[in-house]
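Here, each number is a calculation from the coordinates, and none is a lab measurement. Everything numeric in this text was worked out from a predicted model, so none of it was measured. Note that we place each Cβ from the backbone using ideal geometry, even for glycine, and neighbour counts take in every protein chain shown.
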Amino acid sequence: MVKNVIEVRNLSKSFDITSKEPGLKGTIKHFFRRKTKSSKVIKDISFEIKEGEIVGFLGANGAGKTTILKMLCGLIYPSEGSILVAGNLPFRRKENFLKNITLIMGQKQQLIWDLPPIESFYLNASIYDIDKLEAKRRIKKLSDMLEIDNEIFIPVRKLSLGQRMKSELLAALIHEPNILFLDEPTLGLDVNAQRNLRKFLQKYNKETNATICLTSHYMKDITSLCKRVICVHKGSISYDGKLDILLKRLSPVKEISIVCHSKKDAIKLGKSGFSVKNQTNNEITIIIENNLFTSSLKAILNKFDIKDLYINEPPIDEIIGKILIKKKYDI
Amino acid sequence: MISNSINRKIFTLLKVQYSNMLEYRVEIALWAISGIIPFFMLNIWTNNNLNESINISDVMLSRYFLCAFFVRQFSVVWVVFSFEEDSLMGKVSPYLIQPLNPFFRYLAQHIAEQITRFPFALIIAVFFFIFNPESMWIPNLKILLLSIISTFFSFIIQFLIQSIVACLCFWTEKASSIERLLFIPTLFLSGLLAPVASFPEYVKSWIYLTPFPYLIDLPANLLSGNTTNFRGGIGIQILWILILFPVFRKIWSAGTKKFTAMGS
């Protein structure tokens, strides 16, 4: 049986937030008396993550995804509840725990700006007590996996965003952590760089059985990496389960656009009991429920002499967009 | 075993930070030049014969201000500004989840900067002796070693004070404003503008209860060969370090619990 690596029980987090009215009057009032109120950004959430799982945290901006990741890696202190990560209380930041995890935040860098990444790699290696020979071996292995080579000898300030992100990953993974917290790792990268990064993460997960917690606004990151998603809505969990089940639930139908030989054929097809979305000349779009899809398609092909046919899946972004605004999913 | 690992970390940190500082060598040279305030003070003192009031010769006074310049060069601290910037920009977060207190990074940054600064400070000293050949002297080895130790302690005291102030970043976003308040007593009471011996008796009666005269005045007097109670002085420096270090640990521990990881 695969063991739980992360166990979260009734976790909450509150922040004190100050607010200010606009204008000079508001500024003066703010100077003498600050209005501070406590805002609960994470509300009583519980979940477990198993070893080797890749879990995507989905939610709108400000939903609390990053706050959850920050609590899981021990960066911020929870207000209520308990967290166990690899048997450790993250906030205690014990050396053994820190050597087992990493946090990567897109656009936030730990590499030394004016020096080549290789210097930061060796620095991190010594911080994590990795000897020079072993560090060299790991740098070679990771740079091969990430497909970076000479770039690691060029000052960070002269690297492209994609090269920098790869170097950041290498710096963050040199201690070969078993638990990765990735907060929008593909932010700002071009499509090829995004794809390479995803490929790398899949490979890393496969080779090391590392557990990966990921947040991203790029749906491709989530759909290609995560089998399981945790949807966060205003600090609460609105869904925790398999991504494909959620997608099926949110998108129970498919659209088929059929090009008939004539307008007459299209009208005939439209009158044969299918739900018609629209019809123009010899082209007709019908909507079929997922569970009836194969039989319906077979019936159409048997009964009608059609010229062409297109199956339209609803765009994934549109479906995920629905997730972000809904409070609860009972599936 | 543990100390070996810490030594390796510190050595690597120093090596990397030194490489980083060499990238800024022109900036560091300018910083070194900008620290010539003791020479202006020397000029004011000698032109107005102020040294007569405290029974110190022109030569000893010029040596004192040269040493004050040197001590300042190797004890100047800016950790509060670096930490504040890193904290606001979200750079502290990755450091916090590494098995090394982030202040070691800043400590290494400062020491690396001092090593880079050394040749420039030496060049300035050479120019000083060219214009003031009568002030030329070579301190004996024991005095030199004691002065280096005292200057290092002065640096550690200032580093700890600023680190404590820097930790206030966990509560307020602008901890450096508090440091600016501390800059005034540091400037006036440390011996940078005038030897503490020249201060009125009632000031001297309480000034030694603060860490300030041990920052510049003590090591500068020691190095320049002026009469000073170096045993007592270095002892008090150690005492201040022993007082400030647990305060730093306590405020660091409390502060990290308040950390909201803003900017990241």
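Partner chain Cβ atoms within 10 Å, averaged over the residues of A:128-135 - can you pull that number for me?
For peptide A:128-135, the averaged partner shielding equals 2.
Mind jotting down the distance between the C-alpha centroids of the range A:259-302 and the range A:184-206, whole Å?
The range A:184-206 and the range A:259-302 have Cα centres separated by 40 Å.
If you count, for every residue in A:111-123, the Cβ atoms of partner chains within 10 Å of its Cβ, what is the mean?
Partner Cβ neighbours, averaged per residue: 3.
Which of the peptides B:212-222, B:233-243, A:271-281 is most tightly packed, and how do the rest follow, judged by the mean count of other Cβ atoms within 10 Å per residue?
The peptides rank, most packed first, as B:212-222, B:233-243, A:271-281.
Quick one, what does Rg over Rh come out to for chain A if you take C-alpha atoms and the Kirkwood Rh?
A ratio of 1.09.
Do any trypsin sites (Lys or Arg not before Pro) in the range B:36-111 lie in a DSSP loop with no more than 14 other beta carbon atoms within 10 Å, and if so, which?
none
Taking chain A as a Gaussian network, where each spring joins two C-alpha atoms under 10 Å apart, which residue of A:Lys242, A:Lys264, A:Lys206 fluctuates the most?
In the Gaussian network model the winner is A:Lys264.
For the range A:6-103, just the Cα set please: Rg and Dmax, both in angstrom.
Considering the range A:6-103 through its Cα atoms, Rg and Dmax are 17.3, 55 Å.
For the range B:76-175, count the residues as N, evaluate 2.2 N^0.38 Å, and divide the Cα radius of gyration by that value, please.
It is 1.41.
Please report how far the C-alpha centroid of the range A:231-248 lies from that of the range A:24-101, rounded to the nearest whole angstrom.
Rounded to whole Å, the Cα centres lie 19 Å apart.
Please state the relative contact order of chain B as a whole percent: Cα pairs under 8 Å, 6+ residues apart?
Relative CO of chain B lands at 29 percent.
So which aspartates and glutamates can A:Lys140 reach, going by Cα to Cα under 17 Å and dropping same-chain residues fewer than 8 places off?
Result set, ordered by chain and number: A:Glu119, A:Asp131, A:Asp149, A:Glu151, A:Glu168, A:Glu176, A:Glu207.
Using only the alpha-carbon atoms of the range A:39-181, report the extent along each of the three principal axes, biggest first, to the nearest angstrom.
Here the spans come out as 47, 31, 25 Å, largest first.
Take the alpha-carbon centre of the range B:192-227, take the same for the range B:131-186, and report the distance between them in whole Å.
Computed from Cα coordinates, the inter-centre distance equals 14 Å.
On a straight-distance basis, which aspartates and glutamates could pair with A:Lys43 in a cross-link, Cα separation under 18 angstrom, same-chain partners fewer than 8 positions away excluded?
A:Glu7, A:Asp16, A:Glu80, A:Asp240
Which residue fluctuates the most in chain A, going by a Gaussian network model with Cα springs under 10 Å, if the choices are A:Thr186, A:Thr102, A:Thr27?
A:Thr27
Return one quarter of the surface area of the convex hull spanned by the alpha-carbon atoms of the range B:166-264, equal to its mean projected area, in nm².
Averaging across all directions leaves 7.9 nm² for the Cα convex hull.
For chain A, set up a Gaussian network in which alpha carbons nearer than 10 Å are linked by springs, and say which option among A:Arg138, A:Arg92, A:Arg228 fluctuates the most.
Maximum among the listed residues: A:Arg92.
If we count other beta carbons within 10 Å of each Cβ, what is the order of A:Val8, B:Val59, A:Val191, fewest first?
The most exposed by this proxy come first: A:Val191, B:Val59, A:Val8.
Would you mind computing the Rg to Rh ratio of the range A:107-185 from its alpha-carbon coordinates, Kirkwood style for Rh?
Computed over Cα atoms, the ratio is 0.93.
For the protein assembly as shown, taking Cα atoms only, what is the radius of gyration to one decimal and the Dmax to the nearest whole Å?
Considering the protein assembly as shown through its Cα atoms, Rg and Dmax are 32.5, 117 Å.
Taking the Cβ of A:Asn312 as the center, what net charge do the other residues with Cβ under 12 Å away carry, scoring Lys and Arg +1 and Asp and Glu -1?
-1
If the viscosity is 1.002 mPa s and the temperature 20 °C, what Stokes-Einstein diffusion coefficient in µm²/s follows for chain B when Rh is the Kirkwood radius over Cα pairs?
My calculation gives 109 µm²/s for D.
Can you count the Lys pairs in the range B:2-263 with C-alpha separation below 23 Å, eight or more apart or on different chains?
Within the range B:2-263, the lysine pair count is 10.
Per residue Cα convex hull volume for the range A:222-331, in cubic angstrom?
So the per-residue hull volume is 114 Å³.
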